[in-house]
Each structure stands twice: as C-alpha cells, then as structure tokens.
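Data block below; observations after.
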Amino acid sequence: MVNHVEIEFKRAIFSTNQIIIKKRKQNIIIPLVKVDKLLYAKFSIKNYLSLGFGDWRTTGGLYIYLNEKINNKKMYCFFIKYDNLTKIPENIFKKIKFYVPGEPW
C-alpha cells in the first residue's frame, strides 16, 4: 500500500502522483508520469553568478520538463524555497537534478 502524501505551498501542491501549479484562472495539473525531468538551482552567490551569464534559468526556480504538452506547453517553472522543496514527497524530490556550476544540466 502506497501512502498518499500531499503538501501545499503558495504556488504549488505536491502529492505522490502529481504536481499542481496554482494559477489565478485555472490550476495546472501535471501527472508525474508526464514529467521528463525536474531541475532546480539552490540559491547561492556561486549559482546566481554562473547562471546569470549565459543561461536563461535562475536560482530558486523549479523547472518541470514534460514528455508531452499540457495546455500547449512542454515546460513549466515556478519559484520555491529550498527549505520547502525538502518537504515535498520523497519520490518527487529524488527526481530533481540540482544545478552544480560547470556541470551541464
């Protein structure tokens, strides 16, 4: 039996099988089976400076890349503090690739 864990933050709700991004008009529901990869850059001066030159991504953003389009998009991003990120269900947290300066994402 798999426990259903759900945790809610200002911009998103994480459960064991989906991520819901909160929007004003309509929430975006992303089933985990449609997630290709998750990328996150923890805030640090080193990460901020290395991402600031040449990469369009920024620190504190969780980038969700999809296998197929949802609402005509293959990528979503929202900002979340690292401390909150550590509270999400473990099966999602393990899928996140964390940015390391000098290593390709």
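A short reminder: the numbers here are calculations on the coordinates, not readings from a lab. Just so it is clear, the model here is predicted, and its values are computed rather than measured. FYI the Cβ positions are ideal-geometry reconstructions off the backbone, even for glycines, and counts take in every protein chain you see.
Past the 23 Å Cα-Cα mark, which pairs from 22/74; 23/97; 37/81; 42/95?
Going by Cα-Cα distance, 23/97 fall outside the 23 Å limit.
Arrange the peptides 10-22, 80-92 so that the one whose residues have, on average, the most other Cβ atoms within 10 Å appears first.
Result, highest mean Cβ count within 10 Å first: 10-22, 80-92.
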